[in-house]
Structure formats: C-alpha cells, structure tokens
Amino acid sequence: MSAHPATSLIDVLPSKALRNTVAMPSLLTVELDDRELAQSDTESEASLVSIPAAAVAADLASATKPKKKKRLGDLYAKSIGGGEFEAEKHFYPRVLNAHIHPLVSSFLTLGNERILARYTHLNPQVNYDVLKTLLDYKPKYFKWAGSDLFNVTTSSGQRQMIIVETNSCPSGQKSMPLLSELGDDHGGYGVVVDSTFLQMIEQADKSLGDLAVVYDKNFMEASGYAAVMADHAKECVWLVEFYDDDPNPPVRWTDGVMQVRNKAGEWNSIRACFRYVTQKPWNRFPMNCKTLVLNSVVSCLAGGRNKMMAARAYDFLNAELDGSGLSVRMPETIRNVTKSEIPLWLDSMGGHAVLKVPYSNAGQGVYTITNKEELKAFMDADHHYDKFIVQSLVGNASWSSITRAGKFYHVGTIPNKKNHTFVSDLRMMVCANSNGFRPVAIYARRARMPLLRHLEDDSSITSWEMLGTNLSVRVEDEWTTEAQRLLLMDRKDFNQLGIGVDDLIDAYIQTVLSVIAIDKMAQRLMKENGSAVQDVKYPWFNQNLFDFELFEALNPDIALLQEIFH
C-alpha cells in the first residue's frame, strides 16, 4: 500500500500549463534532506539564512550532540500507555529547574476577558466588540499554532510587536517552565491535548480506531504529547515517525483512513491523529480524510507552512478589519517575486531586505541581504522553488529597510555588562477550541553576535550573526541545537528581554490575528462540495474540496503545485 493517498494527477490539475509540466518527468531535486532538517528542534524563519562556516566552527563545542539518522524502511509505531509521562524526557533539563517569572505567570492566568479590558484601555482606538469576537473565534482548520514576533520600535520611539511568521504544529513545550497554578507536571502539553485535541475528537466514535501522534521531528515534544494523550484519554496512543523519503513507511492511507504499522507488522486504523509532521506535510497527508487530524494539512498550505499564502491571508484579514483599529502587523512584504526581479525590489528598500523561500522551515531558506556580496551569493545559488518573498529588513536604526510605513528596528535585549545589545525574537504558542483562544507556551531566542550600530563598525560580523535567532546549526551534515541562546520565561532569562505584561498581551493579540487570518484563508481554499453524500460514520468527510484553481491563482509556483499533486 502506498504511503500517499491515491490521486488522479492529470484530471485535477487546474491549468493546461501545469498539466504539461506534471506530464514531464520531474527534474526537481530537494536540496536539503528532509530527514536531516527534522533533527532541528526549533523551527523559525525569524532566524534568517545559512550559517557561515566560521561561525559554525566557533560554536562547535557548544552545540548539542547530533542525533543518529533513522534507518528508513524499518520504522514502526510504538504503543504509549498511561502513566508513561516523565518530565525529564519532555523538557530541557534547565527548564525543569527553572522558576517561571511572575510577570509571565500573571499573563498566562489573566484570561481573555481581562486581556480584552487591558488592551482596549491602552488602545482606545480599538473596537472592543470586534476584538472580543476575534478572541472568541473558533478555528475550523488551524487550531494549534505558534507565532514568532520581533519587538521593534520606530525612530519616534513607538514600540510594538510585529509578526515574522506563524507556524502550524509549533515547538515550544520543552522550553516552557511549568506554571504551578496548573497543578500537574504536564504543563502546556496537557493544555493542548485537553482543550483542543480531545474536544476535536469528541465527534469520532472510539470504534473507528485508535489515537496516534505522527511526527517527523522533535521526538522530545512528540513523545510528550503522546504520553499526555494516553493519560488524559485513558487509552493507548501510537507514536510513529513518518518521513517522505521512507521506502517502507509505517503509515498508509486506506479509503481515507490512516493506518499505522506496529512492530509485529499489523496495521491499525486511526480515528484521530495529532500531527507533528512539519516538513512538506502535503506530501504525506490528504486534504480530505476520514481520520481527524490536528492540524489539517490545509492550514499549512494556507499559511501555517507557506509564507507566501500567509502574507496573502494577513492582507485579506487587514482589509476585513479596516476601521476597527486592529491589524496584523508585519514587515512590508512583496509576494511571488521571481529571482530576476529581486535586485529591483532590493533597491527600492534601500539595499537592505530579507529574501525567503516561502515553504521552508527549521531556519532554512531565509537570507538577509545588506550588501552586494550577500546578494551575489543568493543569486548564484540554485533554488528548488520558482517564486520568492521579499520582506523589509528589521535591523538597527541606521541600517533597516526603508518602507512606506517608515523604518522599524530592533529593541533588542537589555545591554549586558559589555553594553552589547542582542536581537531576540519571541515565540507565542496558542491553541483554540469552542471557547476561543488561549496562550499555551512562550520562549525567546537571541542572536549569536551583538547588534552593531553601523554595519561598517566590524566587517567580520555578518548580518546573519546579528539577526539570526534560530537555534539550529548544521554540523557535519547533522542538525544540532545551540540551546545556550534559548531564553526561558524564568526569573533569570526573562529580565534580559526588556518586555512586560503589556508586550506579552500585544504579542498574544497579534498571534491570534495571524492564526485567524490563516484559518480564514484555509476556509476559502476548501470550497463546499455540493454533491457530497454525508457518511454516517464520518460526517465531516468530503464535505469540502480543496480549490486547486484558487490556490494556483494565489500561489502560482509550479514546483509547489507538483508536490501537492504528488
């Protein structure tokens, strides 16, 4: 049985040009092995381009030990039972010994009503009723997400949080100190499982199959979710790895139902799946399936793992919110840019910009451009996809991109004893259910080198070293994590960020807006199926169909469309 759902390729292609392309032998090659990318524990394009070799060598000693590669073809689903959750296996050691900062604890226990009251008090231009409706919004496809944000300011001193990107199936639990008010050691794992996953699967009868956590990265968190799920659902949960290049994958789809293979070679039907598959998940998950999936893969294509569509989604929501005093704040973004157009857009932004491959994650495919050498390196490289994103660069006051809204530059960390300020970003994880949104976990990361006042102050420091916050480092073809640059929400690290409760509230509101924007885009892409006959066992199945024609119009990238139709 194939690992991929059967699809009639030529019949579903919306355009003649695309049909002709797919009919030809595929010449596409993946530049980075997805399995190697999966070794990265923290995914974010707030962190910007490949790390210079010299910087990698300098930090070799501090990088964590690379993991061994998996033996593809021999993988199988493992059964996780109740009582198997051990905090030591699912949190970083320093997190277990950390005490959450009182300000963070206060924010997490505020509740949406008090957050609403505080935010509209400080921002009287915001429409109270509109914001309340947004906080109470119930997503259909995008129920669990994490946004990466920059704390920025303008030349006039106006501080705000801006969205860098929003990820479907985000990491973050292993980096979050326990909130004592929750009264157990499951932390945010329990919040996501209880408030979102278990509520979602209420519509699926137990006789339809088992529960599973399917992942292609971050075993520490994936196994944590499985163990907590087994405790809270009071049944065994399958934990299984699923890679695109596995010749004999332990996951298959049979008539829309996911099945996983155990060690004995037996196939088990799954009624609901917690998806931690983040590397091109559209290669392995169908748009429509009888197995309930958190998150649905359409949320990834609509913006959760597709920065091109995310930018579109933000624009659509901002137009809808016009006059409410609310908007998704983001760097100025130019979509669907061909490689040859990039130098023109770069000039329009004052020679400083960020170039992004729209569908990558784990800190890959994001390039900071601050000089001709960095631009030449990008233009000379081979790229898998046809279209790119050009975004304004947030740097220091003297070397940020010039945009129509002016310049944004990093607030950065509190200066250390050497008066060095570092770029940092903030990850805000949220989940949602019928009662609306709630914050789950927060962490921050800092760049490797301090922020220069002027680029020419030290020519040996690259823009990546000052702006890249991602913790992933490639060492000898393996991905490792520089955990020493992780900033926890504890009494020690939080004070370095220089932010308060109101900044966290602002980050939360921006995260909620970005998630709603992507969920609404997902709903646009899943058009109603007028000819559908409701299945008694699976009433949700096939009620909506993916609108390939609309997706191609919004995101005309042949290479991506080929992957979806694969």
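The values are calculated or read from the model by the stated rules, or taken from the named source; none is laboratory data. Computed from a predicted model, the values in this text were never measured in an experiment. Because the Cβ atoms are built from the backbone with ideal geometry, glycine has one as well, and the counts that use them run over all protein chains shown. These area figures cover heavy atoms from the full protein model, side chains too; ligands, DNA and RNA do not enter into them. Shrake-Rupley method; radii C 1.70, N 1.55, O 1.52, S 1.80 Å.
Listed values, structure above:
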| item | result |
| --- | --- |
| Count of residues meeting criterion [at pLDDT 80 or above, among the small types (Gly, Ala, Ser) and buried (at least 19 other Cβ atoms within 10 Å of the Cβ)] in region 450-482 | 2 |
| Pro331, sole failed condition from (1) touching a helix residue (DSSP H, G or I) at 6+ places or on another chain (Cβ under 9 Å); (2) under 30 Å from Pro124 (Cα atoms); (3) open to solvent by less than 40 Å² (accessible area, probe 1.4 Å) | (1) |
| Of all residues making up region 136-172, the number that are closer than 21 Å to Gly500 by Cα and not small (Gly, Ala, Ser) | 14 |
| Selection count where residues are open to solvent by 30 Å² or more (accessible area, probe 1.4 Å) and in a loop (DSSP other than H, G, I, E, B), scope region 74-91 | 6 |
| Check on Ile516, touching a residue at least 12 places away in the same chain (Cβ under 8 Å) and surrounded by 21 or more Cβ atoms within 10 Å (Cβ to Cβ) | yes |
| Tally, over region 519-547, of residues that are closer than 30 Å to Lys132 by Cα, touching a strand residue (DSSP E or B) at 6+ places or on another chain (Cβ under 7 Å) and open to solvent by 20 Å² or more (accessible area, probe 1.4 Å) | 3 |
| Top-ranked residue in region 97-123 [being among the polar types (S, T, N, Q) and part of a loop (DSSP other than H, G, I, E, B); ranked as most open to solvent (accessible area, probe 1.4 Å)] | Asn97 |
| Residue check for Leu149: in contact with a helix residue (DSSP H, G or I) (Cβ under 6 Å, 6 or more places away or on another chain), outside any helix (DSSP H, G or I) and modelled with pLDDT of 95 or more | yes |
| Some residue of region 174-183 being closer than 22 Å to Leu294 by Cβ, assigned to a helix (DSSP H, G or I) and over 17 Å from the mean Cα position of the chain (by Cα) | yes |
| Some residue of region 263-281 being assigned to a helix (DSSP H, G or I) and on the phi < 0 side of the Ramachandran plot | yes |
| Number of positions in region 360-382 that are over 27 Å from Ser459 (Cβ atoms) and open to solvent by 10 Å² or more (accessible area, probe 1.4 Å) | 2 |
| Of all residues making up region 339-357, the number that are within 24 Å of the chain's Cα centre (by Cα) and not hydrophobic (A, V, I, L, M, F, W, C) | 1 |
| Yes/no for Asp194 being of a type in the set (Asp, Glu) and more than 28 Å from Trp238 (Cα to Cα) | no |
| Which listed residue is part of a helix (DSSP H, G or I) and open to solvent by 10 Å² or more (accessible area, probe 1.4 Å), from Leu550, Leu560 | Leu550 |
| Condition check for Leu317: of a type outside the set (Lys, Arg), part of a helix (DSSP H, G or I) and touching a helix residue (DSSP H, G or I) at 6+ places or on another chain (Cβ under 7 Å) | yes |
| Flag if Val430 is closer than 23 Å to Val501 by Cα, open to solvent by 10 Å² or more (accessible area, probe 1.4 Å) and modelled with pLDDT of 95 or more | no |
| Residue in region 276-288 that is within 15 Å of Asp210 (Cα to Cα) and open to solvent by less than 30 Å² (accessible area, probe 1.4 Å) present | no |
